[in-house]
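These notes concern the structure reproduced below.
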Amino acid sequence: MIPLDFNVLNAGLHRTRQAQQTKGYLMHFRKHLIFTLMIALTGTAFSGCKTVSNVAEQATETTANVVLPPSQEAELGKQLSAELEREVKLHPDPAVQAYIQELGNEIVKAAGSNVPEGITFTFKVIDDPDTVNAFAMPGGYIYFYSGLLLKAENTAEIIGVMGHEVAHVTERHVAERLVKAYGLQALLNMALGQNPGQVKQIVAGMLAQGYLLKYGRSQESESDKVGLSYVLRDGTYSPQGMVTFFQKLDEGGASVPTIVSSHPDPGERAKTLRSMIAKQSNVPSNLGKERFEELYPKFRASAATTTTTTDTTTTEQ
Ligand SMILES: [Zn+2]
């Protein structure tokens, strides 16, 4: 009953998005409501792929679901991210912010013409050492919680997550999910600034449940595939980081974060990524450990300033 998107894995680095999206759509939506995003072993709130974005890619490759133009998505993203940033604490260290911005920019450069016209990416770190998560808001506003940075072991792992999140935007998953959840007209009204109350409400809901919109399984597979292609095209870091990080999350057990939960077989994801990587030649081996390790204490430094921190993220998930 639940079609797996094996196509995604074999399709090389290009898109097979229509079939996947339509397939995975319904069941995902349901699952989203059901899954909790708490990591069983640690109690850490992790919701890897909570994104809000994704509408139609372009009219030409659009499914019925995809009808929100990138310019409207960008407008909406601007409002949602502004509201989000009123509610969360951004990481205070400019070096940490710069690190994530640089990695993001590398991925966006690698994405090249996949980036919809009208979308300008921004990358920020939220100061929350207990939350192992990253997500894409509409319009290319990508956020990493510091808990995710603390959970990583090298830059290759972080850029793997970056590739995945950026792909959710470039593949229009965020836009599509938004339309599905709120309806096109409501989104267009919001984009015009006509419903600030709903913007607030959406962000509040997102922060409460740990994600804005949950993606479908096929979208997750596609973001893995496309994200990996970005990492490879960038060519700076080992693509194995994507595998090891997702594997780490998969080991969290039955109740896992969104980034993992839409994959019925957790091991399948790593396997798929591995086989994609195996088909590549001249894969870089650089894990980017040096800079990561140099910055690592700064990821934690802000944790020390948080008064109510009970850091449960130190156990392996
Ligand atoms: Zn995802």
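The values are calculated or read from the model by the stated rules, or taken from the named source; none is laboratory data. Note that the coordinates shown come from a computational prediction; the quantities given were computed from them, not determined experimentally. FYI the Cβ positions are ideal-geometry reconstructions off the backbone, even for glycines, and counts take in every protein chain you see.
Side notes on the structure shown:
- Residues being surrounded by fewer than 12 Cβ atoms within 10 Å (Cβ to Cβ) and either among the acidic types (Asp, Glu) or under 24 Å from the mean Cα position of the chain (by Cα) (or both) - total across the stretch 176-204: 1
Let's see how each residue does on (1) closer than 20 Å to Leu178 by Cβ; (2) more than 17 Å from the chain's Cα centre (by Cα):
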residue	(1), (2)
Glu87	yes, yes
Pro92	no, yes
Val125	no, no
Met137	yes, no
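Residue-by-condition table, conditions (1) within 13 Å of the ligand (Cβ to nearest atom); (2) of a type in the set (A, V, I, L, M); (3) touching a residue at least 12 places away in the same chain (Cβ under 8 Å):
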| position | (1), (2), (3) |
| --- | --- |
| Thr120 | no, no, yes |
| Ile142 | yes, yes, yes |
| Leu150 | no, yes, yes |
| His168 | yes, no, yes |
| Arg172 | no, no, yes |
| Val179 | no, yes, yes |
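- From the options Gly210, Gly160, Gly241, residue that is surrounded by 24 or more Cβ atoms within 10 Å (Cβ to Cβ) and within 15 Å of the ligand (Cβ to nearest atom): Gly160
- Test: residue in the stretch 183-203 that is within 16 Å of the ligand (Cβ to nearest atom), on the phi < 0 side of the Ramachandran plot and either out of contact with any His (no Cβ under 6 Å at 6 or more places or on another chain) or of a type in the set (Asp, Glu) (or both): no
- Search result, residues across the stretch 94-114 that are closer than 21 Å to Ser146 by Cα and among the basic types (Lys, Arg): none
- Counting the residues of the stretch 278-309 that are of a type in the set (S, T, N, Q) and modelled with pLDDT of 95 or more gives 2.
- Selection count, the stretch 240-277, where residues are at pLDDT below 80 and charged (D, E, K, R): 3
- Count of residues meeting criterion [in a helix (DSSP H, G or I) and of a type in the set (Lys, Arg)] in the stretch 187-216: 1
- The sole residue among Leu84, Leu68, Leu103 that is at pLDDT 60 or above, more than 16 Å from the ligand (Cβ to nearest atom) and not in a helix (DSSP H, G or I) is Leu68.
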